1. Subtracting the Cα-Cα distance from 0.36 nm times the residue separation, let me have the gained length for ARG223 to THR488 in nm, one decimal.
2. Provide the packing ranking of 190-203, 479-492, i.e. peptides ordered by the mean count of other C-beta atoms within 10 Å per residue, highest first.
3. Quick check: pseudo-label points 7 Å beyond the Cα along Cα→Cβ at ALA21 and THR517, how many nm apart are they?
4. How far apart, in nm, are the 7 Å Cα→Cβ label points at GLU379 and SER414?
5. What is the calculated FRET efficiency for LYS558 to GLN404, with r their C-beta to C-beta distance and R₀ = 22 Å, to the nearest 0.05?
6. P(r) tail for region 478-550, what percent of Cα pairs lie past 21 Å?
7. Highest mean first, what order results for 408-416, 70-78 on Cβ atoms within 10 Å?
8. Beyond a 25 Å Cα-Cα separation, which of these cross-linked pairs lie in this structure: LYS431/LYS514; LYS182/LYS558; LYS416/LYS514; LYS389/LYS433; LYS535/LYS558?
Amino acid sequence: MNGTYAKGAYVNGRQWRTTIAAAQAGDRRALDELVEGWLPLVYNIVGRALNGHADVDDVVQETMLRAVDNLGSLRDPDSFRSWLVAIAMRQIRDRARRRTSESLADDAAQEATDFAELTVLRLQLEGQRREVAEAVRWLDDEDRQLLSLWWLEVAGELTRRELAAAVGISRQHAAVRVQRMKARLEAARGIVRALDSSCPELREVTARWDRRPDSVWRKRLARHIRGCRHCAAPGEAVVPAERLLVGLALVPIPVGFTLSLALGGKTAVAATTAATGVGWSAKVVAALTKPAVAMTAGATIVAGGAYVVTQPDAAPPKAAVPPTAASTSRPKAPSPTAKPSPSPSPSRTRTDLYGTVVDALDTAPDPNARPADLPRRPESGLTSTGGPKAVMQHRGDSVTLSGQGYVLVRWQISPKSRPGALVMPAWTGLKGKLFHVASGGGRRMDDTFEENADGYTSGMGGPRVGYTVLPTGTQQMWQNEYFYVDGTVTLTQNERGADYGLIVFPSNRDAVTKDVTTGPAQGAIRYGLVRDTGKDTAPIPQYVTRSSPADAATVRQKSRVAS
């Protein structure tokens with residue numbers, strides 16, 4: 001997801017370099033943009049970590065004020081997001097140390113709607129998504145803090161490195177902590193399901209329960225569920241939490257939320273313009289009232305530069321539907337009569353010019369279906385800035401290819417390390433032509449193979465470790481994907497959310513043909529698939545553009561690059 005949240009999503013720190021530098025130099029409009037773009041991120045982190053307690057407003061405000069007041073100390077604008085998230089987590093921990101021994105449950109019940117309820121109401125969640133939101137109530141403070149970050153990691157808005165830095169631990173330790181938190185979240189989901197059931201024994205167990213989730217009752221209910229045949233049966237396939245969170249809209253800022261920025265030297269001038277609606281105030285209010293914000297909220301200004309969010313009469317938006325692809329479930333056995341997708345018609349109509357035929361979803365051919373012949377294209381040779389083997393394992397890694405010939409892009413997806421939403425790589429700065437010619441490697445990434453102790457069922461993940469989920473409408477990749485370049489183009493790794501890597505090899509037609517025609521007799525799962533028509537009607541990749549955007553992840557799906 002890209003663009004400010006006011007436009008539907010967040011932007012990483014690197015894209016904000018110019019804005020941050022201007023804000024550090026005293027540019028009030030640039031400071032406005034930072035508040036506009038990053039307030040929803042902070043609100044969601046703090047809201048989930050504190051589960052909607054009445055202190056959420058104060059912690060969010062303190063976080064934003066500290067960020068504004070200390071912006072000059074930020075040496076690397078590219079790390080702004082990590083820096084801001086770390087500030088938010090420090091404020092959450094400071095709040096925990098300051099709080100008194102009085103009952104937080106009483107305060108929350110009287111003064112605020114908890115974040116689980118806010119999630120359900122604002123996003124109109126149903127089924128197992130609602131179950132996950134309600135299960136959050138059963139987590140301890142530390143688990144909720146970690147969940148607030150992991151939720152955004154799964155959504156592709158934070159990296160594992162940023163999550164670990166915010167918590168103040170190593171990536172390896174973070175992986176362990178996340179797995180433990182997920183286990184407790186799944187146990188809490190079981191409690192939510194059981195409480196919705198009609199188990200007579202459970203009604204007796206909960207007869208004296210005051211309906212407020214806490215650790216004591218969590219343990220009691222968990223013990224009952226483990227020993228109860230009725231409660232332990234889920235009744236339907238339980239979808240891993242990360243799959244339910246993929247594509248889930250962020251919770252809108254609630255009714256009555258107030259952010260006062262009239263404190264500190266950096267914001268004093270901005271506060272004086274509140275009455276006229278000029279500068280800071282006008283900018284932020286305009287952002288908050290845009291329909292695309294998904295806040296379903298307007299905003300009014302009160303004295304002192306405070307922004308009060310108010311709820312309009314319109315119905316709240318429906319929750320976003322997560323991507324659906326073959327990678328999100330165990331694939332069905334292929335039909336023995338299945339055949340490779342037919343090639344596009346080579347007719348020379350206006351719509352068949354180069355760059356108008358974009359890759360589309362394909363159905364996996366039968367393992368024994370032989371691929372079509374690979375057309376022969378000129379090969380004068382390719383040069384690669386990554387050499388004969390470019391390994392791209394981190395967001396922003398890129399390789400530029402120039403010349404005329406074939407290139408192999410090999411996928412390495414690691415759902416065990418970090419499942420969730422996968423942000424596809426992008427081809428940018430295209431000068432000339434680029435075709436998707438074939439798929440090979442002996443399997444599609446969602447092909448199942450024998451389960452092992454880790455619970456893998458495919459290259460896209462499995463029920464025990466979670467799933468790597470493709471964006472809606474994205475074609476399922478094979479282990480080896482082959483492209484033909486005639487000109488110059490740059491391929492960028494856009495990892496955010498799901499963990500994956502790419503290895504890029506300049507190749508040749510003979511190597512492609514050998515790969516896609518190496519069949520099951522040699523131990524492969526299936527033959528390959530040829531997509532090339534030998535003409536300009538061969539498909540182009542889904543994510544390709546002739547422009548060179550600051551962030552390659554902004555390249556939209558099914559780009560048109562016709563010359």
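Computed from the coordinates by the stated procedures, all read-outs in this text should not be read as laboratory data. Bear in mind that the values here come from a model prediction, so they are computed numbers and not experimental data. Please note: Cβ atoms are built from the backbone with ideal geometry, for glycine as well, and neighbour counts cover all protein chains shown.
1. Between ARG223 and THR488, full extension yields 89.2 nm more.
2. 479-492, 190-203
3. Those two pseudo-labels are separated by 5.4 nm.
4. 3.2 nm
5. 0.30
6. In whole percent, the share of Cα-Cα pairs in region 478-550 beyond 21 Å is 42.
7. Peptide ranking by packing, descending: 408-416, 70-78.
8. Correct reply: LYS431/LYS514; LYS182/LYS558; LYS416/LYS514.
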